[in-house]
There are 2 protein chains.
Amino acid sequence: MSPTSRTPQRRGRRPGAPATRATILKAARRSFAESGFAGTTIRGVAAKAGVDASLVHHYFGTKDDLFLAAMELPVDPRQVIAPAIAGGVEGAGERLLRAFLSLWDDPEISPVLVGVVRSSLQPGGERLLSQGIFPVLVFPVGEALGIDRPDVRMPLVISQIAGLILTRYLIGLEPIASMPADELVATFAPVIQHYLAADLP
Amino acid sequence: MSPTSRTPQRRGRRPGAPATRATILKAARRSFAESGFAGTTIRGVAAKAGVDASLVHHYFGTKDDLFLAAMELPVDPRQVIAPAIAGGVEGAGERLLRAFLSLWDDPEISPVLVGVVRSSLQPGGERLLSQGIFPVLVFPVGEALGIDRPDVRMPLVISQIAGLILTRYLIGLEPIASMPADELVATFAPVIQHYLAADLP
């Protein structure tokens with residue numbers, strides 16, 4: 001953002017692209033926080049930001065894209081997950097876990113994700129997960145893999161991944177916190193695969 | 001606590017048992033919160049409460065007992081877990097899960113436990129788990145079952161139980177949040193049993 005674009009006395013046309021992007025992102029973050037993912041619309045974010053809805057689409061694409069942009073991750077997690085899905089359900093537990101670790105073990109990305117999880121675990125914060133991250137990032141994995149009962153299996157996968165996030169990244173429980181990626185994969189991938197593909201009770 | 005024991009102008013002898021118990025519990029809670037489980041001593045709590053250490057022992061027993069008393073659960077979770085351990089490692093996954101559910105699905109106990117978990121997931125709060133609940137309640141289970149590598153297996157069990165707590169009780173993720181106990185046991189007990197007894201990588 002240039003110093004000029006921050007001056008509060010500006011008049012006439014809205015400032016250039018970087019400032020407008022930032023204004024939209026700020027409005028989006030406020031809307032996701034206040035109204036949840038389901039209660040947020042591109043139109044509403046545009047109104048909050050004082051721009052036209054087409055500009056929000058132009059900069060950010062869909063509401064899913066805007067949601068992920070508002071998290072300010074240095075990568076789009078969907079691009080990291082996509083190759084893990086492409087191989088089909090066989091071995092998907094291991095590939096998904098490796099994709100997961102490539103994001104969560106990245107020292108630039110991990111603190112952002114830890115922050116997201118911490119806020120989502122406070123009372124009322126669960127909407128960020130149930131209305132945002134799960135439908136945008138997690139449930140599409142089950143659909144893309146073509147597994148039966150993705151509505152049951154993906155929550156089971158989430159339960160084990162959530163426990164891994166908690167022990168490894170939030171509370172630092174040893175030996176999980178310091179396990180090398182290969183050992184983590186050898187330990188947890190069979191359970192993820194079980195939830196993806198084994199008979200359900 | 002009687003009205004008399006609450007008057008701030010009291011002199012001479014300390015008030016009767018209920019008020020002293022409450023004073024000790026308050027001091028214990030402050031100490032566990034400020035210094036963690038490891039940094040708390042019976043002697044220190046006694047000093048904070050202005051009573052003799054023997055009185056703390058008399059009312060509460062060991063430091064483990066005092067820690068659990070400070071959580072103010074209507075039952076001692078160790079007594080709930082004990083029968084699940086007694087049967088040995090075979091079937092322990094199922095028995096432990098049923099003991100777990102009998103506590104967490106109890107509408108009187110659940111809110112207290114949810115509160116404990118929420119605080120422990122805030123920055124710095126993990127000591128309540130790593131220095132309190134795990135050594136007092138969880139790790140003794142592995143030792144009592146006589147499993148090999150309890151130092152690895154119990155954290156793996158914790159990872160799945162933590163994910164169950166998160167999805168069922170903290171964020172209410174369906175279908176896990178509404179699953180009847182029997183279906184939960186059928187779903188998760190094989191994974192708990194796997195972590196307790198299957199070959200480690």
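Summary table
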read-out	value
Using a 7 Å Cα-to-Cβ projection, A:Ala53 label spacings across copies, nm, ascending	7.1
Shape of segment A:12-70, Cα gyration tensor, a/c cut at 1.5	prolate
Exam field: A:Ala38 pseudo-label spacings to other copies (7 Å along Cα-Cβ), nanometres	4.4
Highest-fluctuation residue, B:Leu97, B:Leu129, B:Leu170 considered, GNM on chain B with Cα pairs under 10 Å	B:Leu170
Pairwise burial B:A, computed as accessible area of each alone minus the pair, summed, 1.4 Å, Å²	2900
FRET efficiency, B:Leu137 to A:His57 (Cβ-Cβ, R0 35 Å, nearest 0.05)	0.10
Gyration tensor (alpha-carbon) shape descriptor, segment A:72-201, a/c threshold 1.5	rounded
Euclidean distance between Cα centres, segment A:43-89 to segment B:132-186, Å	35
Position B:Ala86, label points 7 Å along Cα→Cβ, spacing to each other copy in nm (shortest first, one decimal)	5.7
Length-normalised contact order for segment B:104-195 - Cα pairs under 8 Å, 6+ apart - percent	19
Within a Gaussian network of chain B (alpha carbon springs, distance under 10 Å), most fluctuating of B:Gln131, B:Gln160, B:Gln79	B:Gln79
Where Cα atoms sit under 29 Å apart: lysine pairs in the protein assembly as shown separated by 8 or more or lying on different chains	6
Top of A:Asp182, A:Asp64, A:Asp76 by mean-square fluctuation, Gaussian network on chain A, Cα under 10 Å	A:Asp182
Computed FRET value (nearest 0.05) for A:Ser102 with B:Leu200, which takes r as the C-beta separation and R₀ as 22 Å	0.40
Longest exposed-site-free window of chain A, the sites being GluC sites (Glu not before Pro) in a DSSP loop that have at most 13 other C-beta atoms within 10 Å	A:109-201
Percent carbon-and-sulfur accessible area, segment A:29-82, ignoring ligands, DNA and RNA, probe 1.4 Å	53
Cα gyration tensor, the protein assembly as shown - rounded (a/c under 1.5), prolate or oblate	oblate
1.4 Å probe accessible area per residue over segment B:77-197, in Å²	39
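The values are calculated or read from the model by the stated rules, or taken from the named source; none is laboratory data. These numbers come from a predicted model, not from an experiment. Neighbour counts are summed over all protein chains in view; Cβ atoms, including those assigned to glycine, are modelled from backbone coordinates with ideal geometry. Ligands, DNA and RNA are stripped out before the accessible areas are found, and what is left, the full protein with its side chains, is counted by its heavy atoms. Shrake-Rupley method; radii C 1.70, N 1.55, O 1.52, S 1.80 Å.
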